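Asks: Starting off with a structure, shown below.
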Amino acid sequence: MKLYCLSGHPTLPCNVLKFKSTTIMLDCGLDTTSVLNFLPLPLVHSPRLSKLPGWVSKDGTINLEKELKECAGRVFVDAQPEFCLPERELLDLSTIDVILISNYHCMMALPYITEHTGFTGTVYATEPTLQIGRLLMEELVNFMERVPKAQSATSWKNKEIQRMLPGPLKDAVDVWMWKRCYSMQEVNSALSKVQLVGYSQKVVRIDSVQEIFKISHFCFRAVVTSRLFSRLFFLQELFGAVQVSPLSSGYSLGSSNWIIQSHHEKVSYVSGSSLLTTHPQPMDQSSLKNSDVLILTGLTQMPTANPDGMLGEFCSNLAMTIRAGGNVLVPCYSSGVIYDLLECLYQFIESANLGTTPFYFISPIANSSLEFSQIFAEWLCHNKQTKVYLPEPPFPHAELIQTNKLKHYPSIHGDFSSEFRQPCVVFTGHPSLRFGDVVHFMELWGKSSLNTIIFTEPDFSYLDALAPYQPLAMKCVYCPIDTRLNFHQVSKLLKEVQPLHVVCPEQYTQPPLTQSHRSDLMLELQPPPMPYRRCSVLNLPFRRRYERIYILPELANSLVPSEIKPGVSVATVSALLHSKDNKHTLQSVPKPPPMPPSKKRKRVIEEPPVALAPKPMLSGAVALEAFLATLQKHGITEVKVEETADGHILHLQAEDTLIQLEEDGTHIVCDSEPLRTTLRDLVLRFLQKL
Amino acid sequence: MPEIKVTPLGAGQDVGRSCILVSIGGKNIMLDCGMHMGYNDDRRFPDFSYITQNGRLTDFLDCLIISHFHLDHCGALPYMSEMVGYDGPIYMTHPTKAICPILLEDFRKITVDKKGETNFFTSQMIKDCMKKVIPLNLHQTVQVDDELEIKAYYAGHVLGAAMVHIKVGSESVVYTGDYNMTPDRHLGAAWIDKCRPDILISESTYATTIRDSKRCRERDFLKKVHESIERGGKVLIPVFALGRAQELCILLETFWERMNLKAPIYFSTGLTEKANHYYKLFITWTNQKIRKTFVQRNMFEFKHIKAFDRSYADNPGPMVVFATPGMLHAGQSLQIFKKWAGNEKNMVIMPGYCVQGTIGHKILNGQRKLEMEGRATLDVKLQVEYMSFSAHADAKGIMQLIRMAEPRNMLLVHGEAVKMEFLKGKIEQEFSIDCYMPANGETTTVTTNPSVPVDISLNLLKREMALGGPLPDPKKPRTMHGTLIMKENVSFMLVSSEQALKELGLNEHQLRFTCHVQLQDPHSDADTLHRIYTHLKSVLKGYTIQHLPDGTVIVESIVIKVSSSAEDSNTKVLLLSWSYQVKTWTLFLEGLPMQSKPGSSPNHLVIESLF
C-alpha cells in the first residue's frame, strides 16, 4: 500500500492512495498562492497599475519590461494569474479509479486532473460540496474571463532569468508547471464525473472495472459500443472488497472525512475538520477509531488565532470604521465563513446601531451561494435543522435580505453602481486581491485612511496580498478566522481514536518557522508521524493477518463442527476458492466427473490432487486402558504390553503387529492392510481431528 | 436455517393503516404506523396487541421506520409511542420529520375538536413522540445497533418519501413505502440500486393499472378544468395539503399564465403557504428541473393561487378550489362538496386514490345519492371526474423496481387482494421468484440462505492462492483446505491445521504406519533402492525426493528402505513407513516401478491396499 503525495500544501492536499488494487485520489486542492506573484486584474482601467514601471535588472542585461512590473520595491508578473497545480508526473493520472473530495475548497484542481489526462474514473462528493464547489469554480472562471488578458508571460520562467529576479519570484518553484485557469466547459465536464454520496454511505468500489474496460476497449475496438457498455454494466454488478464512506467533518457545508477500508484494513483520511459549533453538522469522530493508518491534513493555518476572538475583533473594527464615516472592505470567499460572519452581524447590527448601514455582498455567485445555503438542512447543525422544521430558513441572512439590510449583486456593474451608498460594508472576492470585484474597491478606497480592509480568510498572507497596492492609506485589520482543528484539538482527537500510524504533511512535524520555540504548534506522537512533502511516495505500514472470505451456504451446511473445548468448535474445510476483485468465496468441491481410465495416469500427474481432501491434523493422546478395552471388543485379545520410557509398546501376538503408543504419537507396524485399517480407525477414535 | 418473517398489522391485502412487522436476523422492525381513513373505531389503528398483550412495545421492537408523511403511514404514531408505549428509535427523513407533526395535529384537531372524540392522543403526545425521531438522510447507512443497519432511498411519492433497505448480516429486506417510478412536475422518480434483498415488500395500489403517459393525463385534467370554468362552473379538487396539491398547483399556475385566465384559484387551508415553505427549504428533495432553477425562480411561489376563505364558496361565477382532505371524508373539502353537489355545472375532480368507506370512494363508484349524518340524503348532480394523479407506481413501475433491486422474494402490501393476485401471477411468471401477499395478522416466512463471513488467515489464503500453479489464472478456482475455528458462535476463523493447533493450544499427535512388502528383484539392495529413486524422480515431478546415504529414500513423510530377504536374495523386502497425513500416496503408488500386470501379483495387492 502506497501513498503518492502530489501537493505540498497542507490545507490544499492532493494525495493518491493505492489500496489493494484500487487507486484512490484523496482531494484535488489547487494552490492559488501563486497568484500573489501577479499584478491585480482591474475591472475598470486603472491608471495607477498601467503606469507601473517595467522591470530591468540592475546591470541592465535583462530587460523584461513587458512581463514584469515593479511596485513599491516588489516585482509582479503582468499577465493572467496562474495556479500551482498538483504534481502530474509522479504517476499516470489515467490510472486513477476514484477521486474522493472532502470539501469544496479542496476540489478546485479537479478539471486539471479529470480533463485531458485520460482519466476515466468516478469522483465522489456530497451534494453541498458539489453544488458550492461548482459555484466557486464558476466564480473563478468568471473573474478571469471577464477581464481577459491576452498577454502571457513566459520569459521570466526561464531558469537562467528566474535566478536573477528579486524574491519572492526568484524562489517560486516549478513555475513551468503553473497553469492558467480552466474554462467553464472543462468545469462542466469535470463535474459531470461526480457521483453524489451521503454521510456514512457505504460506497462499494469495484476495483478492476477500469482495467478491464481498458483491456476490453483495446481488444474489442471493432465491437459496437453497446456491447462494451453491457460489459461494463455487468462488471459493475460485482462487489469489490474496498469500501469508502464519507463522514461529517464539521468544517463546511457537506464537508467530509473519508474511511477507506476492506474487512481487515482501515485507512482514515482526515481533511479540513472542525470541532467548533458553527453552521455545519458536527464532526463524526468515533467512526475514525481503529484505523491502521490515519492521513491527517487540513489543520488550522492560524494555530495562534482564536476564531471567536477574531470574530469579536472583526465586529468592533467594522463598527468603529462605520461610525467614523469610513467604508469597510471584507475580501472573502463567497461561501463558508461568510455565512457565520453574516449571522454574527445579524445579532450585532442592532446593538451596534448599524441598522441603516448598507451591507453589500458582491459576487457573480452571491445570490446562488445565499440561496443554496438555505436548502441543505440535512447537512446543518442541529439548531439550524430545527428551524427548517418550523419551517423557517436556517440562516438569518434570509431576514437580512428581506429587510434590505443585506443586498447582493453579481458585480459592481449594473444595479449596484446606481444603488451604492456610502459608508457601507462590502463583502467580495477574491481574498488574494488579485482578481474579482475586490480589486476595484482597493483602487477606490485605498487612498483614504477612513476606510478599513478586514482580512478574514487565512489562505493568503495579508502583507503579500496588499503588496501591489502599496503605498496604502486605508487601515488594515487582520482577523483570520480558521475554524479547522488546532494542534491541541488534534492531539486530543488522536488520543481518542488511536490510529496505529499517522501520516501528515511535514509542516506539522516541526514548529512554524516564525515561531520555532513553540513546540506546542506541532504534532508529537508515539510512534512519530510519517511526514510527507510534495512528490513523496510513502509505503504505508499494514500488519494484517486476516482477510474476509465468504463461505457459500451449501458448503456451510455441509461442515461438521466438533466441539474441542467449551464454546470452541472446529470443522475441517475443503473447498474451492474463488478470488475476484479482492473478494474471496469458498464453495463446495464439486464431485469430479469419472475419468476414462486410459487417461487417468497422465491427468493425475499433471494436476495436483484437486478434489482430494488431505487428512486432518491429529491432536490428543491414546489412553492405554481404554484402547486395550477397545481392542478387546474387536476380538484382539492377545496383547502383550511393554512399558518404555515414553509410553507403551503393544504386541498383538496373533496378528504379528506392533503398536507403539506415546504421548504425542502412535506408530502401527502391521503388514496386513485390513487389520491396519481397523487399527487406524480405532486409534482415530481417541484423537481430535483438525 | 435462518428465516425472515413478515406480518402486516395493516395494509395486508388492503390500502390504509400501513404497519408491517419484520423479523430478520433476531431483530424486530416495524415499518410504518398508519391509520385507516375508512374507519372511525378501533380498526382505525393497527392492533398492537398482536405484538404484546400488556406492557410497552419497546422491549419487542428494535426500531420503527416511517416511510412518508401520509397519515395512512404515520397516523397511529403518537398513539403507538405515547399511549401504547414505545421509547425505541423512530426513523424518518428530514422532510417527513418536519411535515408529519403538522398533519398529525390536523388529524387530531378534526377528530377531537370537530368530532368530539375523547381518549385520543394530545398535542403534547405528538411533540413527545417527535422527540424520539432520528432523521435519516438519503443513502446514509444508519447503524441502529451493531448488527442492524438501514439505508434510505428516494421514493418520489411525496416530498421526503423514502424506501428503506434493512440489513442484518447478509440478510436484507427492502420496504418501498409508497413510491413512484415516473418523475412528475415536482418530484423525481424512485431509485434503488441492485441490492438483491431477500424480500422486497412493495406497495401495489395500482397493481393492475398501466397508466397512459403523464402528459396525456395532464392535458385531460386541464381540459376538464378549462371547460368547466368556461361554462361558469365551479371546480372542486379535494387534495391533501402536501404532495399532489403542489404538483397540481404548478400545473394550473403555468396553464393560467399561458392561457391568460382570470377565474380565481384558491387553496383552502392556512397550511398552503407553510406547505410551500417546506418545498422551498427541502428543494433538494424535488425533481432535477426545479432544483436547477430554484435560484432564479422558485416554482413554489404562486402568482395566481390565493388563500381560500369559507365565504368564497358562495361567490358567484367560476372558480377552482383546492380543498383538504383528499378523500372527501371530513373537513373543508366535504363542506364545499355538499354546497356544490347540487349543481350539474360544477365539477369535482378526484386526483387520487380513495379508501373504501369514504365519500370520495362512493361517488367514484357512481353513487349519486349519499346518506349524510342525520338521515339526510344528498343528491350528487355535479360532474365527478377521476384523474389518477396520485403518485404510485403502476404495474409497469413495480416490475421496473423489481428489475432494479433483483429481490429473491416479493411481498405485496398496500393494495386490493384481487389486484394483488393478478400482479403476483405476473411477477412469478416473469421473474420466477416467489411472491407473497399476506393478509393482516398473517405471517409470511421466508428461509434465507446467507453465506457465512469468515476471517481467513492471510498465510493460508496466500498459500492457497500461490498453489494455483505456476501461472495462475486468477479467475480459476483453486482448492483450499483449512480448519474453521468457531468461538462462541461469534468469531469464525479459517486457518491452516497447523495454525489451528497453535491457536487452540493443542499438541499434535503423530500417527505413523509401517509395513513390509516383498518384491522379486535380482539386483542388489542398493540398486533396487536406486531404481526406485530414479523412477520416482521421473514420475513425481515437482516433489522433493531424497536419497539419503544411509540407504533410505524419502518422499514427503514416506520413508522407503530395501533389504534382502534372509532366505532368498532375489526377494527384496521393502520397508515402507508413512504418516497419516501423507499427500502423495496415490502418486507414489502409481510411481512404483516393480508393479506387474494389474491384479496378478500378490505384492501388487499389498501395495494397492496401502492406499
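Asks: For the list (1) within 14 Å of another protein chain (Cβ to nearest Cβ); (2) without any contact (Cβ under 8 Å) to a residue 40 or more places away in the chain; (3) of a type in the set (D, E, K, R), I need the number of the one condition that B:Asp314 fails.
Replies: (1)
Asks: Suppose we filter segment A:515-544 for residues that are facing another protein chain (nearest Cβ under 9 Å) and touching a strand residue (DSSP E or B) at 6+ places or on another chain (Cβ under 6 Å); how many remain?
Replies: Qualifying residue count, segment A:515-544: 0.
Asks: Can you spot a residue in segment A:458-467 that is within 21 Å of the chain's Cα centre (by Cα) and closer than 30 Å to A:Ser50 by Cβ?
Replies: Yes, because at least one residue in segment A:458-467 is within 21 Å of the chain's Cα centre (by Cα) and closer than 30 Å to A:Ser50 by Cβ.
Asks: Which count do you get for residues in segment B:193-221 that are in a loop (DSSP other than H, G, I, E, B), at pLDDT below 85 and surrounded by fewer than 16 Cβ atoms within 10 Å (Cβ to Cβ)?
Replies: The total comes to 4.
Asks: Let me ask you something else. Within segment A:368-390, how many residues turn out to be at the interface with another protein chain (Cβ under 8 Å from one of its Cβ atoms) and in a helix (DSSP H, G or I)?
Replies: 7
Asks: Moving on to the next point. Checking B:Ala207 against (1) touching a Pro at 6+ places or on another chain (Cβ under 7 Å); (2) closer than 30 Å to B:Glu421 by Cα, which test does it fail?
Replies: (1)
Asks: Still on this structure, please answer the following. Under the condition of being hydroxyl-bearing (Ser, Thr, Tyr) and assigned to a loop (DSSP other than H, G, I, E, B), which residue from segment A:398-415 is nearest to A:Asn142 (Cα to Cα)?
Replies: Among those that are hydroxyl-bearing (Ser, Thr, Tyr) and assigned to a loop (DSSP other than H, G, I, E, B), it is A:Ser411.
Asks: Here are some residues: B:Gly425, B:Gly415. Which one is over 16 Å from the mean Cα position of the chain (by Cα) and part of a loop (DSSP other than H, G, I, E, B)?
Replies: B:Gly415
Asks: From the list B:Lys289, B:Lys306, which residue is away from chain A (no Cβ under 14 Å) and without any contact (Cβ under 8 Å) to a residue 40 or more places away in the chain?
Replies: Testing whether each residue is away from chain A (no Cβ under 14 Å) and without any contact (Cβ under 8 Å) to a residue 40 or more places away in the chain leaves just B:Lys289.
Asks: Taking the residues in segment A:550-570 that are assigned to a strand (DSSP E or B) and more than 8 Å from every other protein chain (Cβ to nearest Cβ) as candidates, determine which candidate is nearest to A:Leu690 (Cα to Cα).
Replies: Result: A:Ser562.
Asks: Output the residues belonging to segment B:127-153 that are within 11 Å of chain A (Cβ to nearest Cβ) and over 12 Å from the mean Cα position of the chain (by Cα).
Replies: Within segment B:127-153, B:Met130, B:Val133, B:Pro135, B:Leu136, B:Asn137, B:Leu138, B:His139, B:Gln140, B:Thr141, B:Val142, B:Gln143 meet the criteria.
Asks: Of (1) on the phi > 0 side of the Ramachandran plot; (2) crowded, with 19+ Cβ neighbours inside 10 Å, A:Glu547 satisfies all except one. Which?
Replies: All conditions are met except number (1).
Asks: Based on this model, can you work out whether B:His186 counts as in contact with a Cys (Cβ under 6 Å, 6 or more places away or on another chain) and either away from chain A (no Cβ under 14 Å) or closer than 26 Å to B:Leu64 by Cβ (or both)?
Replies: So B:His186 fails the test.
Asks: Here is a follow-up. Exactly one of (1) in a loop (DSSP other than H, G, I, E, B); (2) surrounded by 13 or more Cβ atoms within 10 Å (Cβ to Cβ) is unmet by B:Gly317. Its number?
Replies: Of the numbered conditions (1) in a loop (DSSP other than H, G, I, E, B); (2) surrounded by 13 or more Cβ atoms within 10 Å (Cβ to Cβ), the odd one out for B:Gly317 is (2).
Asks: Take the conditions modelled with pLDDT of 75 or more, under 44 Å from the mean Cα position of the chain (by Cα), facing chain B (nearest Cβ under 9 Å) and more than 24 Å from A:Val683 (Cβ to Cβ) and apply them to A:Ala575. Does it pass?
Replies: In short, yes.
Asks: Considering only segment B:499-517, state which residues are more than 7 Å from every other protein chain (Cβ to nearest Cβ), touching a Leu at 6+ places or on another chain (Cβ under 9 Å) and within 13 Å of A:Leu618 (Cα to Cα).
Replies: B:Gln499
Asks: Being assigned to a strand (DSSP E or B) and within 7 Å of chain A (Cβ to nearest Cβ) is the filter; apply it to segment B:445-465 and report the residue that is farthest from B:Pro2 (Cα to Cα).
Replies: Taking the candidates together, the pick is B:Ser457.
Asks: Can you say whether A:Phe395 is within 14 Å of A:Glu343 (Cβ to Cβ), assigned to a loop (DSSP other than H, G, I, E, B) and touching a residue at least 24 places away in the same chain (Cβ under 8 Å), as far as the supplied structure shows?
Replies: Judged against the criteria, A:Phe395 is a match.
Asks: Oh, and also: If you go through segment A:118-130 one residue at a time, do you hit one that is under 19 Å from A:Cys84 (Cβ atoms) and assigned to a helix (DSSP H, G or I)?
Replies: No: segment A:118-130 contains no residue that is under 19 Å from A:Cys84 (Cβ atoms) and assigned to a helix (DSSP H, G or I).
Asks: Considering only segment A:638-674, state which residues are over 26 Å from B:Val517 (Cα atoms) and part of a loop (DSSP other than H, G, I, E, B).
Replies: A:Thr644, A:Ala645, A:Asp646, A:Glu663, A:Asp664
Asks: Farther than 24 Å from A:Lys615 by Cβ and within 10 Å of chain A (Cβ to nearest Cβ), is that true of B:Ser491?
Replies: The answer is yes for B:Ser491.
Asks: Starting from residues that are buried (at least 24 other Cβ atoms within 10 Å of the Cβ) and touching a strand residue (DSSP E or B) at 6+ places or on another chain (Cβ under 8 Å), keep the ones in segment B:5-15 and report whichever is farthest from B:Met327 (Cα to Cα).
Replies: So the residue we want is B:Val6.
Asks: Looking only at residues in segment A:468-510 that are touching a residue at least 12 places away in the same chain (Cβ under 8 Å) and of a type in the set (Lys, Arg), which one is farthest from A:Gln285 (Cα to Cα)?
Replies: A:Lys475
Asks: Say whether the condition of being modelled with pLDDT of 80 or more and in contact with a Lys or Arg (Cβ under 6 Å, 6 or more places away or on another chain) is met by at least one residue in segment B:539-547.
Replies: Yes, segment B:539-547 has at least one match.
Asks: Any idea how many residues of segment A:296-330 are farther than 21 Å from A:Leu485 by Cα and either in contact with an Asp or Glu (Cβ under 7 Å, 6 or more places away or on another chain) or among the β-branched types (Val, Ile, Thr) (or both)?
Replies: 4
The values are calculated or read from the model by the stated rules, or taken from the named source; none is laboratory data. The shown structure was predicted, so the numbers you read here are calculated from the model rather than taken from an experiment. Glycine gets a Cβ as well: all are built from the backbone with ideal geometry, and neighbour counts include every protein chain shown.
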